[in-house]
Amino acid sequence: MNKTALRALLRERRALIAPESHGFIRSTGQGRRAPGLSQHQVDQLLHRTLGTYHRLESGNYPNPPASLLRDVARLFGLNEQEWMSLCRYALLQDPPGPLHLSSGKEIPGVWQEAVDGVRHMAYVTDASWDMLAYNEAFTRMFPDSQVPANVMRWMVLDPVGRAHLLDWSTAWAPMVLPQLRGALASRPEDETLRQIEKEVMADPETAPYYGAGRPFPHPDGDERPLMHAELGPGWVTMCAAQPLTAPGARLMILVFHPGTQRSHPRAPMLRSP
């Protein structure tokens, strides 16, 4: 626990909330003059035992439950970046999930210009794998340039997707489906992800892979066989990143090498000298 940073964050945000906005009456006589809600009032609003919030803000609450942190974050109106800071200061780890279900569903509009400037195939999806932005190079990967509305559904359920993801049953499905399970672990109320999971479990080809319980593999740097609509068969190396304003969203840059054999050399790891 980083007590100093935790205390500073919580004090600053608590001071911004007028007690009157939550039905409290500020005393006009002698007494408390500090701005914002009192620690006691925070306990009242969160329906917690008196002294709970004081323990948190003072850094004397080791391993506070995520439910308490989430309630405090929502009461104080924290954004996703502040929510991440709160969890790191209090728990020394990233949040168990987004603060708001709407988080991860939108990105700044400049991302379209950014992906347009990428030479390789590039696209951005939201936290549910719904398409947000893509470049012209990416459209050429698909027959008739028909970019799928949801990349996860295309990869695991669409027959066209399975045909273009070569060696689908060994190189793609076992790697992609655990990503769906991992996303649902942090976003259990996401209706789009839940619907895809339902379809996956009902499909005899995908259900065994999904039920296998394999660990979540990140695609960053992975290389897999792919059929390009214009360039034919080849190998695609994936570069994955996340827009920081949209937890769960993902930027994918796909570096494609034509050929049935993996003949190109793999780039070495980049390290600071």
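All of the numbers you see were taken from the coordinates with simple rules; none came from a lab. Because the structure is a prediction, the values reported are computed rather than measured. FYI the Cβ positions are ideal-geometry reconstructions off the backbone, even for glycines, and counts take in every protein chain you see.
Taking GluC sites (Glu not before Pro) that fall in a DSSP loop and have at most 12 other Cβ atoms within 10 Å as cut points, what is the longest piece of the chain between them?
By the stated rule (loop sites, at most 12 other Cβ atoms within 10 Å), 1-188.
Restricting things to Cα coordinates, could you compute the convex hull volume per residue of the chain in Å³?
Convex hull of Cα atoms, per residue: 178 Å³.
Give the shape of segment 110-258 as rounded, prolate or oblate, defined through the alpha-carbon gyration tensor: a ≥ b ≥ c are the square roots of its eigenvalues, a/c under 1.5 means rounded, and otherwise the shape is prolate if a/b is larger than b/c and oblate if not.
Details: a/c = 1.69, a/b = 1.21, b/c = 1.40.
It comes out oblate by the Cα gyration axes.
Where the only charges are on Cβ atoms (+1 Lys, Arg; -1 Asp, Glu), what is the dipole of the chain about its Cα centre, to the nearest 20 debye?
The calculated dipole for the chain is roughly 1360 debye.
Mind giving me the FRET efficiency for M269 and V110? R0 is 45 Å, r the Cβ-Cβ distance, nearest 0.05 is fine.
Numbers: r = 30 Å, r/R0 = 0.66.
About 0.90, to the nearest 0.05.
Output the peptides 124-130, 232-238 sorted from most to least packed, where packing is the average of other Cβ atoms within 10 Å over each peptide's residues.
124-130, 232-238
Just how large is the dipole of segment 3-91 about the Cα centre, in debye to the nearest 20, putting +1 at every Lys and Arg Cβ and -1 at every Asp and Glu Cβ?
The calculated dipole for segment 3-91 is roughly 220 debye.
For A149 and R88, FRET efficiency with R0 = 45 Å and r from the beta-carbon atoms, rounded to 0.05? Please list the in-between numbers first.
Numbers: r = 35 Å, r/R0 = 0.77.
For R88 and A149, the calculated efficiency is 0.85.
Can you quote the Å³ per residue value for the convex hull of the Cα atoms in segment 3-91, rounded to an integer?
Convex hull of Cα atoms, per residue: 93 Å³.
Relative contact order, percent, of the chain when contacts are C-alpha pairs under 8 Å separated by at least 6 residues?
16 percent
Given Cα pairs under 8 Å that are at least 6 residues apart, what percent is the relative contact order of segment 130-272?
19 percent
Restricting to DSSP loop positions (anything but H, G, I, E, B) with no more than 16 other Cβ atoms inside 10 Å of their own Cβ, which trypsin sites (Lys or Arg not before Pro) remain in segment 1-79?
R26, R32, R33, R48
Work through the residues other than E191 whose Cβ is under 15 Å from its Cβ and net out their charges, Lys, Arg +1 and Asp, Glu -1. All intermediate terms of the calculation are to be shown ahead of the outcome.
Details: positive: K105, R153, R187, R194, K198; negative: D126, D130, E189, D190, E197, E199.
Neighbour charge sum, excluding E191 itself: -1.
Using DSSP to call loops (not H, G, I, E or B), can you name the trypsin sites (Lys or Arg not before Pro) in segment 77-170 whose Cβ has at most 12 other Cβ atoms within 10 angstrom?
Counting only loop positions with at most 12 other Cβ atoms within 10 Å, the trypsin sites (Lys or Arg not before Pro) in segment 77-170 are R119.
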